[in-house]
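First the structure, in the form of structure tokens, and then the observations on it.
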Amino acid sequence: DGRRVMFLALRPEDRGWHTGRDANDTGEAVVLQGNTTDRPLSKHQEECLEAFLPFWAQTHGQRMEDAPLWLGWHSIGDRWGGRKKKACPGSHGERFFADYVRRAALPMQEAA
């Protein structure tokens, strides 16, 4: 019926241990299954992320235009006190997130 189902392993108020160090207190993890360095994200992975990120922002009172401030991934996770890892979630995953952040910030730039 066109719905995407996302599995929530922890409630947002529960502390997870994925993001590393201090970022465990403020970060939430999204896990993409598959090798996203050798293979591009699937259409379904992209659709799930496109649905999840606005949901996350609304749940946490964040504006999508401010995504460059709150959306990160492991290779830049040290910004928030997390563990920095090379190319996580893979080079294709990182390109998706970088492009997503750029697109999310466009309404903010157009208003200026």
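When you scan the chain for helices (runs of 4 or more DSSP H) that lie fully inside it, which ones turn up with 3 or more residues that are modelled with pLDDT of 75 or more and among the basic types (Lys, Arg)?
Counting at least 3 such residues, we get 90-111.
Checking the structure you have, find out if any residue of the stretch 32-40 is of a type in the set (A, V, I, L, M), surrounded by 16 or more Cβ atoms within 10 Å (Cβ to Cβ) and either under 17 Å from residue 104 (Cβ atoms) or touching a Lys or Arg at 6+ places or on another chain (Cβ under 8 Å) (or both).
no
Anything in the stretch 63-99 that is surrounded by 19 or more Cβ atoms within 10 Å (Cβ to Cβ) and on the phi > 0 side of the Ramachandran plot? List them, or say none.
Passing the criteria: only 90.
Does residue 45 count as open to solvent by 80 Å² or more (accessible area, probe 1.4 Å) and either farther than 23 Å from residue 15 by Cα or out of contact with any Pro (no Cβ under 9 Å at 6 or more places or on another chain) (or both)?
no
The values are calculated or read from the model by the stated rules, or taken from the named source; none is laboratory data. Bear in mind that the values here come from a model prediction, so they are computed numbers and not experimental data. No Cβ is skipped: glycine too gets one built from the backbone with ideal geometry, and neighbour counts run over all protein chains shown. Areas reflect the complete protein model, heavy atoms only, side chains present, ligands, DNA and RNA absent. Shrake-Rupley method; radii C 1.70, N 1.55, O 1.52, S 1.80 Å.
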